[in-house]
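The values are calculated or read from the model by the stated rules, or taken from the named source; none is laboratory data. Since the model is a prediction, treat every value here as computed from it, not as a measurement. Glycine gets a Cβ as well: all are built from the backbone with ideal geometry, and neighbour counts include every protein chain shown.
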Amino acid sequence: MTFFLRPVSGLRVTDVLGFADFELLAVELLLIASIVAIGARYLRVPHTVALVVVGFIISFGRFFDVTLSRDFILLAFLPPMLFEGAINMNLEEMRRRWAQVFLLAVPGTLITAAVVAAALVAVADLPFKFALLLAVMLAPTDPVSVLATMKEHGVSGGLRTLLEGESISNDALGIVLFTIALSYAFPEEPGRALGWAGALREFGKEVAIGLAIGVATGYIVHRLMRLLEDHLVEITLSVTLAFGTYLLADRLGGSGVLAVVVGGLLIGNYGTYRAMSASSQAAMLEVWEVVAFLLNSALFLLIGLEFEVRNLGERATATATIVAAAALLIGRALAVYGLLLPFGFGRTPAARKVSGGWRHAIYWGGLRGSIPIALVLGLSAAQRDLGGVDPVAVVFGAVMLSLVGQGITFAPLLGKLRLATDGGRAQARDPAQGPRRLSR
């Protein structure tokens, strides 16, 4: 795994001084994140958006020398944040809305990718093979960004299930599409080329392995939790589950994201109330809430630090960024309003209906973030010139526009749609659903 911190004065991170520099950097980032979070609360802006903006501003001073890597995002940040979101998700709600989640995650992602690719070819004059590569990197909604936004605004119930379920489910599809597009754009590069039949098999394999690993590891940890009544050991088991499940599924060729989410769903919906006391449940939820806050803060701050606006100086790159960001919104509109329209009327059961207000919130809440960044950072040096366009700059630029633009305006939108209560904190909970329960 490529480490995200560049060597300091030629020292390896394994050296004592190198580790001390890393520790100092971590303390500085967390201190900045805490100060930004306090300021964001007073200014009534999402702290994740504030972190991105502050990171971008202080990057001009060159106070921090950090470099994000694909592996660092996928292995260090993604598993714990997904697990924290999964243990708080309602499995019964997910069962009720599985068809809607599928439509958003699969056809919705394909529609968005098609619109972005077409726009980049028609407006930015990119060759189709490069336009397609950029489109599939940006098309999937990002689970980390969406989870952070839902929690930031207190969204729960069916609306949260749809947004989170979509962002989690389209990860495997996004990675498979990225593999196909990469082999199509750079056929001379060594690697496995996938046709459409192979892509379907690969997608099915990733989903099947991810689900199987998630069920198996979740069940094993649940059984282990039933053997004891020690919240420290139970929390340790949950940490092992979050990271171990992702690594195991990834090594076996499955979707680590799906595996972590399935394992978290089992622990959050069955393991906690069948194997843990109320005090142990409360302790575990609080620990994971702190972990998610720290990692979210660090990741969004690092995204801001890593973004270099000067990379958008080239006209072709700047044009591609603007076109991609606009096309993402257009493709998202076609996918959300078109695919979810049948669920807004007719004989759809009340528990599965998607109101017009929900469709507006789902449309605007589909943020881009860490997954597109992780994919583009995985490109080799030879693959970072797409017909005169810098793909890293385009993806970072589109992600920044999504996080800042949609992130700042999401809460006011929820308020205007009357989905926000509690003094501005959004509560999109179903009427029949009560507050989160620690025991059942």
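Couple of notes before you dig in:
- Test: residue in region 383-395 that is in contact with a Lys or Arg (Cβ under 6 Å, 6 or more places away or on another chain), of a type in the set (A, V, I, L, M, F, W, C) and buried (at least 23 other Cβ atoms within 10 Å of the Cβ): no
- The conditions of being in a helix (DSSP H, G or I), touching a residue at least 24 places away in the same chain (Cβ under 8 Å) and under 16 Å from residue 369 (Cβ atoms) are met by residue 81.
- Restricting attention to region 309-323, the residues being buried (at least 16 other Cβ atoms within 10 Å of the Cβ) and farther than 8 Å from residue 394 by Cα number 5.
- Qualifying residue in region 380-394 (condition: within 19 Å of residue 149 (Cα to Cα), part of a helix (DSSP H, G or I) and modelled with pLDDT of 85 or more): no
- Contacts under 8 angstrom Cβ, first residue in region 382-405 being on the phi > 0 side of the Ramachandran plot, partner of a type in the set (A, V, I, L, M, F, W, C), 6 or more apart: 387/126; 387/130; 387/316; 388/316
- Residues within region 120-160 that are outside any helix (DSSP H, G or I), crowded, with 24+ Cβ neighbours inside 10 Å and either among the acidic types (Asp, Glu) or touching a Pro at 6+ places or on another chain (Cβ under 7 Å) (or both), tallied: 1
Results for (1) under 19 Å from residue 144 (Cβ atoms); (2) modelled with pLDDT of 50 or more, shown as yes or no for each residue.
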residue	(1), (2)
397	yes, yes
405	yes, yes
409	no, yes
434	no, no
439	no, no
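- Lone qualifier among 236, 245 - being without any contact (Cβ under 8 Å) to a residue 12 or more places away in the chain and of a type outside the set (A, V, I, L, M): 236
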